[in-house]
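Contents: one structure, followed by commentary.
The values are calculated or read from the model by the stated rules, or taken from the named source; none is laboratory data. What you see is a predicted model; the values in this text were computed from it and never measured. In this analysis, Cβ positions are derived from the backbone assuming ideal geometry, glycine residues included, and neighbour counts consider all displayed protein chains.
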Amino acid sequence: MQAIQVQDLTRDYNGLRALDHVSFSVAPGEIFGFLGPNGAGKTTTIRILTGQLRPTAGSAQVMGCDVVDDREWLKPQVGVVFEHQNLYERLSAYDNLRFTARLYGVSPVRVDEVLSQVGLTERARDRVKKYSNGMKQRLLIARALLHRPRVLFLDEPTRGLDPNVARDLRVFIADLAGQGVTVFLTTHYMEEADRLSRRVAIVHRGRIVALDTPARLKAAYGSGKGATLEDAFVTLTGAPLRGRFEE
């Protein structure tokens, strides 16, 4: 069984097509990069796959659960970290997670476990408003992991983080996949997607325009020797750069 199976997924908003017959699958334990410009349909896809939004047409299953008909079974299977940090900043990190743990019926012991997992044990009783951006991002990931999801959706997890914190988060994400967690990753950092993802789908205007390993995408759509995933991305989704900047 695939961790994620999507067939002809389509979503319309007031006559505008955000997703247009998107199809792909993700294997268990795979880090799957889902890349595209702003407005390409990435967040819409995540919202559908996590049961928060109904598709207009098509079908999708996550860990065998239909995202429309089996939403109550789906919820325990998935964890989500959206781009915007929706934490209770007047509460401590511990209290943020304890509140979520009650909602999921998770033991308080698990709160201490995930705080340790993301390296926040020593600051667990501090109010979140005192946290750095990187610490808040780690707390969001801890919250998403509380109920031990089998599929983790990460929407721009390292956006705005300094290089050291971003690197630590990438190592953490890779470790999760090594433990068998399937990771669905959106990011605008092409190097990050290249390093982490087993395969990458590039979506443009609601359609998948390429899906393959980073190496094959670079070879097929890059600019020759030394091509980067960014080169392939630009070729597929926008006008290629012409020439170099000159003084």
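Can you tell me which residues in segment 93-124 are of a type in the set (S, T, N, Q) and free of Cβ contacts under 8 Å to residues at least 12 places away in the same chain? Matches in segment 93-124: S107, S116, T121. Output the residue which, of all residues in segment 163-177 that are small (G, A, S) and touching a residue at least 60 places away in the same chain (Cβ under 8 Å), is surrounded by the fewest Cβ atoms within 10 Å (Cβ to Cβ). Only one residue tops the list, namely A174.
Annotation for segment 75-92: at least one member residue is among the acidic types (D, E), in a loop (DSSP other than H, G, I, E, B) and free of Cβ contacts under 8 Å to residues at least 60 places away in the same chain. Taking first residues from segment 194-214 that are over 28 Å from F172 (Cβ atoms) and partners that are assigned to a strand (DSSP E or B) and hydroxyl-bearing (S, T, Y), the Cβ contacts under 9 Å between residues at least 6 apart in sequence or on separate chains come to G206/T10.
Here R102 fulfils each of the conditions (1) in a helix (DSSP H, G or I); (2) at pLDDT 95 or above apart from (2). Please state which one of L87, L35, L19 is surrounded by 21 or more Cβ atoms within 10 Å (Cβ to Cβ) and under 30 Å from N133 (Cα atoms). The unique qualifying residue is L35. Selection of segment 1-26 for residues being more than 21 Å from the chain's Cα centre (by Cα) and hydrophobic (A, V, I, L, M, F, W, C) yields only L16.
The single residue among S107, S23, S92 that is at pLDDT below 95 and farther than 18 Å from L152 by Cβ turns out to be S107.
Can you name the residue in segment 38-66 that is among the small types (G, A, S) and part of a strand (DSSP E or B) and, of all such residues, is surrounded by the fewest Cβ atoms within 10 Å (Cβ to Cβ)?
By that ranking, first place goes to A57.
Scan segment 208-236 for residues that are in contact with a Gly (Cβ under 8 Å, 6 or more places away or on another chain) and of a type in the set (D, E, K, R) and the total you get is 1.
Can you go through A201, A210, A220, A215 and tell me which one is farther than 22 Å from R150 by Cα and not in a helix (DSSP H, G or I)?
The match here is A210.
Cβ-Cβ below 6 Å, separation at least six or inter-chain, first residue in segment 1-23 and in a strand (DSSP E or B), second among the basic types (K, R): which pairs? Within 6 Å, the pairs are A18/R11; L19/R11; D20/R207.
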